[in-house]
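Structure first, commentary second.
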Amino acid sequence: MATSLEFGVFDWIDRSPDVVGDLYEQRLQLAELADDAGFYGYHLAEHHGTALGMAPSPSVFFSALAQRTERIRFSAMAFLLPMYHPVRLVEEICMLDHFSKGRVEVGISRGVSPYEIKCFGIDPSETQGIFNEALDVFREGMMDHVLDYRGEHFQFEQVSIPIGPLQKPHPPIWYPTFSESGTTYAAKNGFNFLTLGPPELVSQLACLYRQTWAECLPGSTEFHDLDCPKIGAMRQIFIGETDQQALDTAEAAYQDWYQSITELWRKNGDASFDDFFSWEACLASETILIGSPETVGDKIQKLVELSGINYFAGSFAWGSLTFEESKESFERFVSQVMPTIEMPVGV
């Protein structure tokens, strides 16, 4: 396992008061700042039918990001596989891999929201089977130039895929989850892992991942990054000069983000995530970190020590935060928080 902590940016490009084109430009500028600061990765959520998803096609956004950055790696977090034709996804990922000179990574999911899945005319009860087959096709299509596959949902006979990935055998794969079953699945497959939840849950899942990964290590695997998987946690962050100033600025912006993330669920009369994402609950569980550099840094350090994660992804732009507010918060993180965070010896 890695002995040093690496950092990433997690992003929802959600609705804001800005013109959509300006919103994209602001996020590209934020990615450039992360690139200059030595961040490992930029991870973009995929959403549909909701104001949370103003960039519903991550590949399109990444084609711009690849040209504006030099070192930072990037991935959807995650591509919702049941909503993709797997051959088309293989081709797009291969293009991005060459565009970026080998910096693309691939987050995968079957999707959390049944209402987003229904936007594509897909039965939510079938997504697990579609996901499994789409992943099989993706793996085969990445490693072979001729695709033969027989499944319930996909069938291909001698389909030529002339383009292949730059990274061999394929770009690293990520699996975001906050369940025990998802964590075990990620570890058994050698996928990089990103989770969300209170520090105690992050610690529990990180421990489960390490144990499962160690048990599977003696076996052979096709995944080239299994020797050092990333075990990560994500947090929404806003850093101000003082705790109170940060709280005063962030609360209204967070409420706008909250409306976006619960919007589609509420339209369908479903309050499942209302409490999960509420301002008070998230502050209490420390899934959002709001405060001075010292306050935020202290909470991240405690999370790292408790859980032993080797990857931390911060979300710095969300809701109605202005670009300048997000940029100043990010710059405080880089200059005053990142240098203070250390992994404990022996993790």
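Within region 175-190, is there a residue that is touching an Asp or Glu at 6+ places or on another chain (Cβ under 9 Å), aliphatic (A, V, I, L, M), assigned to a helix (DSSP H, G or I) and more than 30 Å from LEU283 (Cβ to Cβ)? Spell out how you get there, then give the answer.
Keep residues of region 175-190 that are touching an Asp or Glu at 6+ places or on another chain (Cβ under 9 Å), which gives 187-188, 190.
Narrowing the set further to residues that are aliphatic (A, V, I, L, M) leaves 187.
Subset that is assigned to a helix (DSSP H, G or I): 187.
This time we only want the ones that are more than 30 Å from LEU283 (Cβ to Cβ), so: 187.
Within region 175-190 (the criterion being touching an Asp or Glu at 6+ places or on another chain (Cβ under 9 Å), aliphatic (A, V, I, L, M), assigned to a helix (DSSP H, G or I) and more than 30 Å from LEU283 (Cβ to Cβ)), the answer is yes, since at least one residue qualifies.
If LEU23 satisfies all but one of (1) without any contact (Cβ under 8 Å) to a residue 60 or more places away in the chain; (2) farther than 18 Å from ILE93 by Cα; (3) within 18 Å of the chain's Cα centre (by Cα), what's the number of the condition it fails?
Condition (3) is where LEU23 drops out.
Can you name every residue in region 88-98 that is surrounded by 18 or more Cβ atoms within 10 Å (Cβ to Cβ) and either in contact with a Lys or Arg (Cβ under 6 Å, 6 or more places away or on another chain) or not acidic (Asp, Glu) (or both)? Show your work before the answer.
So the first thing to find is which residues in region 88-98 are surrounded by 18 or more Cβ atoms within 10 Å (Cβ to Cβ), and the list is 89-90, 92-94, 96-97.
If the condition is that a residue be surrounded by 18 or more Cβ atoms within 10 Å (Cβ to Cβ) and either in contact with a Lys or Arg (Cβ under 6 Å, 6 or more places away or on another chain) or not acidic (Asp, Glu) (or both), then LEU89, VAL90, ILE93, CYS94, LEU96 are the ones that fit.
Can you tell me which residue is nearest to the chain's Cα centre (by Cα) among those in region 1-20 that are surrounded by 15 or more Cβ atoms within 10 Å (Cβ to Cβ) and not in a loop (DSSP other than H, G, I, E, B)?
That would be PHE10.
Look through region 267-326, keep the residues that are assigned to a loop (DSSP other than H, G, I, E, B) and of a type in the set (A, V, I, L, M), and return whichever of them is surrounded by the fewest Cβ atoms within 10 Å (Cβ to Cβ). First the steps, then the outcome.
So the first thing to find is which residues in region 267-326 are assigned to a loop (DSSP other than H, G, I, E, B), and the list is 268-278, 286-287, 292, 308-310, 316-322.
So of that shortlist, the ones also of a type in the set (A, V, I, L, M) come out as 271, 309, 317, 321.
Details: ALA271: 11, ILE309: 28, ALA317: 27, LEU321: 22.
Within region 267-326, the match that is surrounded by the fewest Cβ atoms within 10 Å (Cβ to Cβ) is ALA271.
Being at pLDDT 95 or above, within 20 Å of PHE10 (Cβ to Cβ) and of a type outside the set (Ser, Thr, Tyr) narrows it down to one of ARG332, ARG266, so name that one. First the steps, then the outcome.
Working: ARG266 fails: within 20 Å of PHE10 (Cβ to Cβ).
Checking each option against the conditions leaves just ARG332.
Just give me the residues in region 224-237 being within 30 Å of PRO169 (Cβ to Cβ), touching a helix residue (DSSP H, G or I) at 6+ places or on another chain (Cβ under 8 Å) and either among the polar types (S, T, N, Q) or not in a loop (DSSP other than H, G, I, E, B) (or both), in sequence order.
Correct list: ILE231, ALA233.
Out of all the residues in region 153-164, is one or more in contact with a Ser or Thr (Cβ under 9 Å, 6 or more places away or on another chain) and not acidic (Asp, Glu)? Steps first, please.
Kept after step one, since they are in contact with a Ser or Thr (Cβ under 9 Å, 6 or more places away or on another chain), are these residues of region 153-164: none.
Checked against the condition, which is being in contact with a Ser or Thr (Cβ under 9 Å, 6 or more places away or on another chain) and not acidic (Asp, Glu), region 153-164 yields no hits at all.
Residues to consider are PRO165, PRO169; find the one that is crowded, with 16+ Cβ neighbours inside 10 Å and assigned to a loop (DSSP other than H, G, I, E, B). Step through it out loud before you land on a result.
Details: PRO169 fails: crowded, with 16+ Cβ neighbours inside 10 Å.
Unique residue meeting the criteria: PRO165.
Here is a list: SER57, SER63, SER75, SER109. Which entry is surrounded by 19 or more Cβ atoms within 10 Å (Cβ to Cβ) and out of contact with any Gly (no Cβ under 7 Å at 6 or more places or on another chain)?
Numbers: SER57 fails: surrounded by 19 or more Cβ atoms within 10 Å (Cβ to Cβ); SER63 fails: surrounded by 19 or more Cβ atoms within 10 Å (Cβ to Cβ); SER75 fails: out of contact with any Gly (no Cβ under 7 Å at 6 or more places or on another chain).
Just a single option satisfies the conditions, and that option is SER109.
Report, by residue number, each residue of region 273-293 that is touching a residue at least 40 places away in the same chain (Cβ under 8 Å) and not hydrophobic (A, V, I, L, M, F, W, C). Before the answer, list the steps.
Going residue by residue through region 273-293, those that are touching a residue at least 40 places away in the same chain (Cβ under 8 Å) are 282, 285-293.
Result: SER285, GLU286, THR287, GLY291, SER292, PRO293.
Taking the condition of being under 17 Å from the mean Cα position of the chain (by Cα), under 14 Å from HIS47 (Cβ atoms) and not hydroxyl-bearing (Ser, Thr, Tyr), how many residues in region 73-109 meet it?
Selection size over region 73-109: 6.
Quick check on region 238-247. Is at least one of its residues assigned to a helix (DSSP H, G or I) and buried (at least 18 other Cβ atoms within 10 Å of the Cβ)? So that I can check it myself, show each step before the final result.
Within region 238-247, the first condition is being assigned to a helix (DSSP H, G or I), and the residues that meet it are 243-247.
Retained after the next criterion (residues that are buried (at least 18 other Cβ atoms within 10 Å of the Cβ)): 246.
Yes: one or more hits.
Can you give me the number of residues within region 300-329 that are touching a helix residue (DSSP H, G or I) at 6+ places or on another chain (Cβ under 6 Å) and within 17 Å of TYR40 (Cα to Cα)?
Counting residues in region 300-329 that are touching a helix residue (DSSP H, G or I) at 6+ places or on another chain (Cβ under 6 Å) and within 17 Å of TYR40 (Cα to Cα) gives 2.
Within region 141-162, can you find the residues that are buried (at least 18 other Cβ atoms within 10 Å of the Cβ) and either acidic (Asp, Glu) or in contact with a strand residue (DSSP E or B) (Cβ under 8 Å, 6 or more places away or on another chain) (or both)?
Just the residues of region 141-162 that are buried (at least 18 other Cβ atoms within 10 Å of the Cβ), to begin with: 141-142, 147, 161.
If the condition is that a residue be buried (at least 18 other Cβ atoms within 10 Å of the Cβ) and either acidic (Asp, Glu) or in contact with a strand residue (DSSP E or B) (Cβ under 8 Å, 6 or more places away or on another chain) (or both), then GLY141, LEU147, ILE161 are the ones that fit.
Does PHE330 satisfy the criteria of being of a type outside the set (Val, Ile, Thr) and buried (at least 19 other Cβ atoms within 10 Å of the Cβ)? Outline the logic, then answer.
Working: of a type outside the set (Val, Ile, Thr): yes; buried (at least 19 other Cβ atoms within 10 Å of the Cβ): yes.
Judged against the criteria, PHE330 is a match.
The values are calculated or read from the model by the stated rules, or taken from the named source; none is laboratory data. Everything numeric here is computed off the predicted structure, so don't read it as measured data. Here Cβ is always computed from backbone atoms with ideal geometry, including for glycine, and neighbour counts include all displayed protein chains.
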